[in-house]
Amino acid sequence: MSSEKSPEKFNVTVDEKNSKEDIAYDVDPVKVDVHTGIYDGLQRNMKQRHVQMIALAGTLGTGLFLGSGKAIAHAGPAGALLAYIHVGTICYCMLMSLGEMMCYMPISGGYIHFAERFIEPAMGFAIGWMQWYSGIISLPTEIISATIIIGFWDTGPDGSGMPNSHLAGYLTLLLFLCAAVNFLGVRWFGESEFIFACIKIALVLGCIIGGLVIDLGGGPNHDRIGFRYWQNPGAFAPYLVAGNTGKFLGWFQTLLQAAFSYVGMESLAMTAAEVQNPRHSLAKAVRRVFYRILMFYVLGILVVGMLVPSNDDKLLQDTGTAASSPFVLAMTRAGVKTLPSVINAGVLSSAFSAGNSGLYSASRQIYGLALRGQAPRIFAKTTKGGLPIAALAFSSMWILLSYMALSSGASTVLNWLSNLTSILGFCTWGVISWTYIRFYHGMKAQGIDRTKFVYWNRFQPYPAYWALIWSIIIIIFNGWSVFIKGDWDVSDFIIAYINLPLFAGLYFIYKLARKSKMVHPSQMDFHSNVPPPDTIDVDEPKAKDIGGRIWAWLF
């Protein structure tokens, strides 16, 4: 297949409905899928700084700002800290594995496409459709979360709560903004995420610095806390069961909660086909995730654990607004009164950003499936500007489920459906890690030197095995609490495990219908549709002054 930059006429053979036909295209041959003959119309309109900030702060949100309180309550400050560190290692190992594949093959579909190439087509089909379902169900819940956060300020005329008329108005506004940002094109999506990331980074750094000042006695009450709460009530807290067993279960439960804070980093792969200079941009983004985990998640949970005792009942409150934030609770205990509205505004931006990026990822997932013939062909249609218009329009329709919040019964159903998708992040991590292990052995079998890649890791495949093993453990034991005597709940059991038969069903249906088979390492496709370096890679000039070097390091 030609690797020239300029488009050229060529023929591609397409096997469709057991008949073959030759189709001529006046386009770059690398952009035409060799199996389906469908042209990949996505364009590289996303800037490098967009990807860097999405990688740095893309998934920072309610999991850290609001959910970290439950982590402290369930496991204690030391247990929560160890859980966040442990899940951070799993996430980074997964991302190192994904990073090597997407830097080598910056193509549409991301890890969905990789699973199809390096495991088998049925695996790509199953994980692709499950992830799309997860995305479009999460969209309305994020929009509803944003309206709940607005309810922190709008409590209605009599102060009893936001009336439905106000709720409907806020929902309509948020729906319009979320759709508009995506329909304007990937460049505007990148700009919006860049701004939201800056807000979230400023907020979390402000909370960490403010927390350290208060811990050292700089608050209005001048109480020097230090590690007082690590001694009383203690560094570890038991959960459901007394003694050391309860402390272990508290750590494991917090392991699951910490993982929910990290889930979403893998969506970075969906930008690979639309970012400029993708190999270098994505390599930088993956390398900097380590600092993000260390600075934001680990340091953040450490500060929270120093400021609030694990036996404070307010850590378990679930208002959905800044009132649930352990940072707000810590500041309130210290006598600081102006912080809740600031944190609430930051959490609001996080919720909207999550909906915004969720719509982007869902549209690119179904677009990637269509490109490979695993979804209706119409979803592969793009505009001249490279926008997957059909996939985006179809995915956007599901945001209208947000209006279910106007009915209490419908809202309960929506929350239940959303909970069904919660374990899918771990399924995705496991599939990505397994895909990389197959990728690694395929490279060895075909004699391809990984050390020549823009991004590679000398310790592979051991990080991939680490991420795979722990993903399996989390998937199997995520519903452990329902098996505790007296705690059995059918609904919780279904939520914890229903995704496993759904995933298996999609996998085996496609496998039987299309006679899908595991790809042998010697037959793995490492070349078709992979853009050669001279068409997309650019050597970036190094900045000479200190200001330029700081800007280059950040963005």
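Each row is one residue, and each column tells you yes or no for (1) free of Cβ contacts under 8 Å to residues at least 12 places away in the same chain; (2) within 30 Å of His441 (Cα to Cα); (3) assigned to a helix (DSSP H, G or I); (4) among the basic types (Lys, Arg).
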site: Asn457; (1), (2), (3), (4): no, yes, no, no
site: Ile472; (1), (2), (3), (4): no, yes, yes, no
site: Val482; (1), (2), (3), (4): no, no, yes, no
site: Gly486; (1), (2), (3), (4): yes, no, no, no
Residue list for segment 171-198, restricted to those being aromatic (Phe, Trp, Tyr) and either over 17 Å from Ala354 (Cα atoms) or crowded, with 22+ Cβ neighbours inside 10 Å (or both): Phe189, Phe196
So, first residue at pLDDT 90 or above in segment 508-537, second residue surrounded by 15 or more Cβ atoms within 10 Å (Cβ to Cβ) and polar (S, T, N, Q), Cβ within less than 7 Å, six or more apart or across chains; the pairs are Tyr510/Ser516
Report, by residue number, each residue of segment 98-117 that is in a helix (DSSP H, G or I), within 23 Å of Ala285 (Cβ to Cβ) and either without any contact (Cβ under 8 Å) to a residue 60 or more places away in the chain or out of contact with any Asp or Glu (no Cβ under 9 Å at 6 or more places or on another chain) (or both). Gly99, Glu100, Met101, Met102, Cys103, Tyr104, Ile112, His113, Phe114, Ala115
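Just to be sure I understand, how many residues within segment 294-330 are among the hydrophobic types (A, V, I, L, M, F, W, C), under 28 Å from Ile143 (Cβ atoms) and either crowded, with 19+ Cβ neighbours inside 10 Å or at pLDDT 80 or above (or both)?
Step one: of segment 294-330, the residues among the hydrophobic types (A, V, I, L, M, F, W, C) are 294-296, 298-299, 301-304, 306-308, 315-316, 322-323, 327-330.
After this cut, where a residue has to be under 28 Å from Ile143 (Cβ atoms) as well, the list is 296, 301, 304, 315-316, 322-323, 327-329.
Right, trim to either crowded, with 19+ Cβ neighbours inside 10 Å or at pLDDT 80 or above (or both) and you get 296, 301, 304, 315, 322, 327-329.
Final tally of qualifying residues: 8.
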Taking segment 211-259 on its own, how many of its residues are without any contact (Cβ under 8 Å) to a residue 12 or more places away in the chain and at positive phi? 3
Residue set Leu95, Leu64; condition assigned to a helix (DSSP H, G or I), touching a residue at least 24 places away in the same chain (Cβ under 8 Å) and in contact with a Ser or Thr (Cβ under 9 Å, 6 or more places away or on another chain); output residue Leu64
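If I filter segment 205-252 down to residues being in a helix (DSSP H, G or I), among the hydrophobic types (A, V, I, L, M, F, W, C) and open to solvent by less than 30 Å² (accessible area, probe 1.4 Å), which single residue comes out as nearest to Val308 (Cα to Cα)? Let's see the steps before the verdict.
So the first thing to find is which residues in segment 205-252 are in a helix (DSSP H, G or I), and the list is 205-215, 228-234, 243-252.
Adding the requirement that they be among the hydrophobic types (A, V, I, L, M, F, W, C) leaves 205, 207-209, 212-214, 230, 248-249, 251-252.
Those left that are additionally open to solvent by less than 30 Å² (accessible area, probe 1.4 Å): 207-208, 214, 249, 252.
Working: Cys207: 14, Ile208: 13, Ile214: 11, Leu249: 21, Phe252: 21 Å.
Across segment 205-252, the extreme among qualifying residues is Ile214.
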Checked Asp40, Asp28, Asp33, Asp22 against criteria (at negative phi, in contact with a strand residue (DSSP E or B) (Cβ under 9 Å, 6 or more places away or on another chain), at pLDDT below 75 and crowded, with 17+ Cβ neighbours inside 10 Å); the one match is Asp28
Looking at this structure, is Glu120 open to solvent by 10 Å² or more (accessible area, probe 1.4 Å), among the acidic types (Asp, Glu) and at pLDDT 90 or above? no
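The values are calculated or read from the model by the stated rules, or taken from the named source; none is laboratory data. Since we're looking at a predicted model, the values are computed, not measured. Virtual Cβ from ideal backbone geometry, glycine too; neighbours counted across all protein chains shown. Quick note on the areas: whole protein, heavy atoms, side chains included, nothing else; ligands and nucleic acids left out. Shrake-Rupley method; radii C 1.70, N 1.55, O 1.52, S 1.80 Å.
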